[in-house]
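Structure record follows, encoded as structure tokens.
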Ligand SMILES: C[S@@+](CC[C@H](N)C(=O)[O-])C[C@H]1O[C@@H](n2cnc3c(N)ncnc32)[C@H](O)[C@@H]1O
């Protein structure tokens with residue numbers, strides 16, 4: 001069973017509350033990565049996008065897409081949820097970009113059509129990577145890049161369901177992460193480091209970098225409680241993969 005319909009329903013249901021809670025953080029300034037809003041200017045993951053054809057895979061309300069469109073990229077924001085796409089349409093500024101409803105598992109684009117496919121806790125967190133990564137690779141042009149930020153297996157393995165927080169003890173089997181229940185039959189996905197590498201190499205991608213965003217002590221996590229609060233300063237909470245299609 002795939003999770004497409006459950007995830008679509010889930011995001012339709014939570015979209016309004018999610019944007020109310022998180023848009024002030026993720027939309028505060030352009031190009032902020034992840035749960036700790038670390039600027040791309042510090043991480044150097046995306047580079048210059050001027051004149052590039054860019055797909056955001058799971059764009060949500062389009063905070064990233066808007067920013068890259070304003071920099072002169074031709075952007076398509078794809079998302080599974082019509083409520084999230086409606087939020088993106090409502091908040092789109094003068095730098096316009098296209099919105100498409102679809103699933104990262106079955107991308108509705110021709111082969112070799114994008115210079116950059118990217119997401120920040122988007123389609124590569126919410127679709128099975130063994131399906132979504134080959135799809136992203138298929139639609140990239142030669143030399144095009146797939147760049148994506150997801151939670152780290154450390155973060156997931158230390159997540160204590162009962163306490164609803166990330167801890168300093170192992171709570172889940174590293175080798176059993178795979179499908180993570182998000183409530184109401186929705187699922188997100190996580191692989192081991194080895195399996196992420198296998199999936200990317202299997203899709204013909206070259207791995208250029210694995211950036212481990214590290215917030216300064218005291219940086220708030222807008223999404224999850226962590227104990228201790230500076231957890232992500234001490235252990236890697238996220239993985240920002242930078243790859244290209246040779
Ligand atoms: C956490 S948001 C990411 C967007 C933005 N970066 C943010 O942090 O809000 C996750 C997005 O992925 C979308 N999504 C979930 N499953 C998806 C799938 N299979 N394909 C494409 N998008 C999906 C959701 O609708 C949601 O808008």
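Rule-based calculations on the coordinates, nothing more; no lab input. Source: prediction; values computed, not measured. As a convention, Cβ positions derive from the backbone with ideal geometry for all residues, glycine included, and neighbour counts pool all protein chains shown.
Listing for the model above:
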item: Whole-angstrom gap from the range 214-235 to the range 113-155, using each part's C-alpha centre; result: 25
item: The range 78-144 shape via C-alpha gyration tensor axes, a/c threshold 1.5; result: oblate
item: Among 157-164, 37-44, 232-239, the order from most to least packed when residues are scored by Cβ within 10 Å on average; result: 232-239, 37-44, 157-164
item: Whole-percent pair-distance distribution, where bins are 10 Å wide, for the alpha carbons of the range 1-105; result: 15, 46, 32, 6, 0
item: Over the chain: Rg over Rh, Cα atoms, Kirkwood Rh; result: 0.93
item: The range 8-143, relative contact order [Cα under 8 Å, separation at least 6], %; result: 24
item: Residue-averaged [θ]222 nm for the chain, counting only DSSP H segments that reach four residues, each worth -39500 (n - 2.57); result: -9000 deg cm²/dmol
item: Inter-probe distance in nm under a simple model that places probes 7 Å from Cα toward Cβ, at residue 90 and residue 197; result: 4.5
item: Three principal axis lengths of the range 123-164 [C-alpha, angstrom, descending]; result: 45, 16, 11
item: The range 153-246: radius of gyration and largest Cα-Cα distance (Dmax), Å; result: 14.7, 45
item: Globularity ratio of the range 102-174, using Cα Rg and 2.2 N^0.38 Å; result: 1.38
item: Global geometry of the range 42-153, whether rounded, prolate or oblate, following the gyration tensor of its Cα atoms and the 1.5 cut on a/c; result: rounded
item: Relative contact order of the chain, defined on C-alpha pairs under 8 angstrom at six or more residues apart (%); result: 20
item: Hydrodynamic radius of the range 22-72 per Kirkwood, over alpha carbon pairs, in Å; result: 11.4
item: Cβ-Cβ FRET estimate between residue 209 and residue 168, R0 fixed at 41 Å, reported to 0.05; result: 0.90
item: Peptide ranges 3-13, 114-124 listed from the most packed, as the mean C-beta count within 10 angstrom indicates; result: 114-124, 3-13
